[in-house]
Amino acid sequence: MQKAIYPGSFDPLHNGHLDVIGRAARLCDSVVVAIAANASKNALLSTAERIDIIKNATAHLPEVSVTEFEGLLVDFVIEQKADCIIRGLRAISDFEYEFQMALMNRQLRSTVETIFLMPSQEYIYLSSRIIKEIAATGNDVRDFISEKAAVAVEKKLALKKI
Ligand code: PNS
């Protein structure tokens, strides 16, 4: 496989995402982590903050680059001349949503394939939403996200309380 797009909201990037990025980087010549700008209206972190966090966390992986995209994912995949979309699959509960997206993307652009990677089992319970909930109660989330991400999340949550 040559070039893969790993899309998502990444609000914030967590260790499960990083695990999937590492697996994709071993399989592919290049992996573009792509933040969906238009799926992020209610995001806690700005796109620039999320890009910064992901770049910092993947600095040791030369195959990985980070960017944002607007509009349809399949159009971005074609524009990038990428070979596939990578998505992480944690549990059966993810399956319905992922199945729907993969088939809709295939319906929209028949050449775009989606490849699912399973993160290590120690991360399958992680989600950005739950991590933000835990952080919002004042609890430390550094077991689940990077120091840089934790600082950014805590700062944004503190600002929201003012
Ligand atoms: O991490 P998420 O929030 O589950 O990622 C969802 C994402 C960003 C991959 C999805 O919402 C997406 O692809 N958005 C871009 C717009 C698009 O192409 N929508 C149709 C998808 S079938």
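All of the numbers you see were taken from the coordinates with simple rules; none came from a lab. Given the structure is predicted, the values throughout are model-derived calculations rather than measurements. Heads up, the Cβs are rebuilt from the backbone with ideal geometry, glycines too, and the neighbour counts pull from every protein chain shown.
Can you bin the range 83-146 into rounded, prolate or oblate? Criterion: square roots of the alpha carbon gyration tensor eigenvalues sorted a ≥ b ≥ c, rounded for a/c under 1.5, prolate for a/b above b/c, oblate for the rest. Prolate is the answer for the range 83-146, as a/c is 1.5 or above and a/b outweighs b/c. Relative protection proxy for 121-127, 27-33, from highest mean packing down: 27-33, 121-127 (other beta-carbon atoms within 10 angstrom). When the C-alpha to C-alpha distance is required to be over 21 Å, the pairs from LYS3/LYS41; LYS132/LYS156; LYS41/LYS161; LYS3/LYS132; LYS41/LYS156; LYS55/LYS160 that qualify are LYS3/LYS41; LYS3/LYS132; LYS55/LYS160. Within the shell of other residues whose beta carbon sits under 12 angstrom from the beta carbon of GLY138, the net charge comes to -2, with Lys and Arg scored +1 and Asp and Glu -1.
Across all Cα pairs in the chain, the calculated P(r) in 10 Å bins from zero up to the longest distance comes to 10, 40, 37, 11, 1 percent per bin.
Between ALA59 and SER110, what is 0.36 nm times their sequence separation minus the Cα-Cα distance? Round to one decimal in nm.
Numbers: separation 51, 0.36 × 51 = 18.36 nm, distance 3.32 nm.
Once the chain is fully extended between ALA59 and SER110, it gains 15.0 nm.
What is the calculated FRET efficiency for ASN139 to MET118, with r their C-beta to C-beta distance and R₀ = 30 Å, to the nearest 0.05?
Working: r = 27 Å, r/R0 = 0.91.
Step by step, r from the Cβ atoms, then E = 0.65.
Classify the range 7-83: rounded, prolate or oblate, from the alpha-carbon gyration tensor (a ≥ b ≥ c, eigenvalue square roots; a/c under 1.5 rounded; otherwise prolate if a/b is larger than b/c)? Don't jump to the answer; show the numbers that get you there.
Working: a/c = 1.98, a/b = 1.12, b/c = 1.77.
Verdict is oblate for the range 7-83.
Along the Cα-to-C-beta direction of LYS81, a point sits 7 Å from the Cα; which residues of the range 94-124 have their amide N less than 20 Å from that point? Answer for this model: 110-113. The mean sequence separation of alpha-carbon pairs under 8 Å and at least six residues apart, normalised by the residue count of the range 1-154, gives a relative contact order of 31 percent. Here the peptides 82-89, 61-68 are ranked by packing, the mean other Cβ count within 10 Å, and the order with the highest first is 82-89, 61-68.
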